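Notes follow once the structure below has been shown.
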Amino acid sequence: MSNQMSRWGRGRGLSRLLARETNVADLIQFLSDRDPSPWVEVVGFSPNEVKREGSKSENYADLVLISDSDSAAIEVKLGHTMSEEQQSAYEARQGRAAYLAALSFDEARLSETDKELWGFLSLSNLVGKWEHSNDELARLLASEAATVLSGWDDMISGVFKPPTSSQLVPLSALGEKFLARVVTRRIAFDLRAAGKWATAGVTSGGGLPIVQAWTPIRGENIDRAFIAEIRWSSNRLRGELRFGIDFDPRPQQSENEEVRRAAYDLAHNMDSVIACNSLEDHLAEIHPDLLDFLVCKSGSGRPEVKGDWESVIKHGFKGSSLSNGKKNNRRQTTPGFYGDGALRFEATVGVAFEHTSALDLIVLLSATLEYLSSNQPTPA
């Protein structure tokens with residue numbers, strides 16, 4: 001496949017327009033202005049006004065529906081999520097119904113507790129309400145837009161199909177970052193349902209989708225854990241599995257020499273375990289099918305040792321200045337593992353998405369955490 005075809009894109013025509021949350025909200029306002037009646041079936045009343053980007057007192061809602069006796073706030077989301085502060089502000093406002101409008105698979109964003117305060121609106125279903133409008137323009141535009149939104153729903157659903165399904169879609173088909181972000185959020189949800197700590201987000205700087213999962217080391221909590229994560233790359237056909245050790249300071253404590261040394265010592269003791277070739281040998285016995293899409297670029301999948309890591313352990317990166325005056329970080333000093341900061345120690349293995357599903361990634365992340373956990377050193 002050419003480099004152009006492997007890059008992230010934003011679609012063409014209407015698909016390109018709808019790939020922006022603001023444009024989706026603008027479309028819904030336009031449809032509402034043409035014909036507000038479909039809202040009766042959705043929120044229980046027909047608004048006299050549909051405002052875009054509500055005021056501060058309305059929590060800057062994407063859409064605010066107002067009638068003589070009722071009101072509702074609609075938050076439209078595609079790739080982005082609501083912050084805890086934004087969600088709390090909605091929930092603190094009494095007397096106004098709140099709705100999250102998103103792609104269908106994102107209903108998992110709302111916990112059972114959230115659902116007591118929020119309604120969920122599938123964007124394809126919501127826009128599709130105007131397909132039966134008496135307003136011809138609204139009807140035609142809604143039909144075209146609902147087709148695009150339904151296509152995205154089907155694509156996301158497809159990457160979660162089992163391998164025997166004729167509707168299975170490979171992860172490489174996700175041509176836009178926000179679609180992959182929806183997928184990572186659902187992967188994280190399914191991992192949490194299986195008892196793992198998991199979260200989804202984006203990489204700093206590049207905004208690329210990432211899903212991370214942890215399991216605590218023996219006798220510990222989440223601040224002393226094994227990590228397995230899948231990171232998408234700038235080439236949407238490829239990703240990367242990172243796995244190893246991930247520590248955090250204890251609650252109410254700051255990073256110090258003790259936690260840095262504890263993290264490094266465990267990684268050093270598991271040197272032969274936190275390695276691409278060792279993981280592949282393990283998976284060959286329990287999940288040989290996963291090897292079909294793993295690409296081990298080197299034996300260990302780790303960088304060469306560089307610089308004085310002992311100084312980093314003692315003083316942290318900020319306290320370990322370099323003789324050339326450059327800022328010290330993992331690009332300048334590495335203990336022979338990949339990672340962010342001074343508390344994460346990982347090996348990497350490439351993941352080819354052309355024949356990989358979201359279910360494959362769930363199995364891979366779970367199997368990798370089980371591999372790390374089962375190979376941790378026995379306490380002295």
Worksheet item: When both residues are 6+ apart or on different chains and their Cβ atoms are under 6 Å apart, which pairs have a first residue that lies in the range 232-243 and is over 15 Å from Asp360 (Cβ atoms), and a second that is part of a strand (DSSP E or B) and among the β-branched types (Val, Ile, Thr)?
Response: Arg242/Thr348
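In the range 134-150, how many are open to solvent by less than 70 Å² (accessible area, probe 1.4 Å) and in contact (Cβ under 8 Å) with a residue 60 or more places away in the chain?
Total meeting the criteria: 7.
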Worksheet, complete the sentence: (1) within 28 Å of Leu322 (Cα to Cα); (2) at pLDDT below 95 all hold for Leu290 apart from (1)
Fill in: Among the residues listed as Leu100, Leu149, the single one being at pLDDT below 95 and either in contact with an Asp or Glu (Cβ under 6 Å, 6 or more places away or on another chain) or in a helix (DSSP H, G or I) (or both)
Leu100
Item to complete: Give the residue, chosen from Ile313, Ile286, that is in contact (Cβ under 8 Å) with a residue 40 or more places away in the chain, surrounded by fewer than 15 Cβ atoms within 10 Å (Cβ to Cβ) and aliphatic (A, V, I, L, M).
Response: Ile286
Worksheet item: Which members of the range 339-355 meet the condition of being under 18 Å from Glu280 (Cβ atoms) and surrounded by fewer than 19 Cβ atoms within 10 Å (Cβ to Cβ)?
Response: Gly350, Ala352, His355
Discussion item. Just to verify a result, which residue in the range 218-231, among those that are open to solvent by less than 30 Å² (accessible area, probe 1.4 Å) and over 21 Å from Asp360 (Cα atoms), is farthest from the chain's Cα centre (by Cα)?
Written reply: Arg224
Discussion item. Given the criteria under 24 Å from Arg109 (Cα atoms) and not in a strand (DSSP E or B), does Ile222 qualify?
Written reply: yes
Worksheet item: If you scan the range 20-60, which residues turn out to be of a type in the set (Asp, Glu), over 17 Å from His132 (Cα atoms), open to solvent by 40 Å² or more (accessible area, probe 1.4 Å) and at pLDDT 90 or above?
Response: Asp26, Glu49
Worksheet item: Within the range 356-379, how many residues are of a type in the set (Gly, Ala, Ser) and open to solvent by 50 Å² or more (accessible area, probe 1.4 Å)?
Response: 1
Worksheet item: Which of the residues spanning the range 105-130 are open to solvent by 50 Å² or more (accessible area, probe 1.4 Å) and modelled with pLDDT of 95 or more?
Response: Asn125, Lys129
Fill in: Close pairs (6 angstrom Cβ cut-off, 6 or more residues apart or separate chains): in contact (Cβ under 8 Å) with a residue 24 or more places away in the chain in the range 120-133, open to solvent by 20 Å² or more (accessible area, probe 1.4 Å) and in a strand (DSSP E or B) anywhere
Leu121/Tyr99
Worksheet, complete the sentence: Within the range 162-211, restricting to residues that are open to solvent by 20 Å² or more (accessible area, probe 1.4 Å) and of a type in the set (A, V, I, L, M), the one that is farthest from the chain's Cα centre (by Cα) is Leu168
Discussion item. Go through (1) touching a residue at least 12 places away in the same chain (Cβ under 8 Å); (2) open to solvent by 40 Å² or more (accessible area, probe 1.4 Å) for Ala102 and report which single condition fails.
Written reply: (2)
Worksheet entry | Near pairs, Cβ below 8 angstrom, 6+ apart or cross-chain, from the range 172-201 (over 23 Å from Ile217 (Cβ atoms)) to any residue that is open to solvent by 30 Å² or more (accessible area, probe 1.4 Å) and hydroxyl-bearing (Ser, Thr, Tyr) | Arg185/Thr81
Worksheet entry | Of residues in the range 233-248 being modelled with pLDDT of 95 or more and in contact with a helix residue (DSSP H, G or I) (Cβ under 7 Å, 6 or more places away or on another chain), the one surrounded by the most Cβ atoms within 10 Å (Cβ to Cβ) | Phe243
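The values are calculated or read from the model by the stated rules, or taken from the named source; none is laboratory data. Being a predicted model, the structure only gives us computed values, none of them experimental. Note that we place each Cβ from the backbone using ideal geometry, even for glycine, and neighbour counts take in every protein chain shown. We work out accessible area using only protein heavy atoms, side chains counted, and drop any ligands, DNA or RNA first. Shrake-Rupley method; radii C 1.70, N 1.55, O 1.52, S 1.80 Å.
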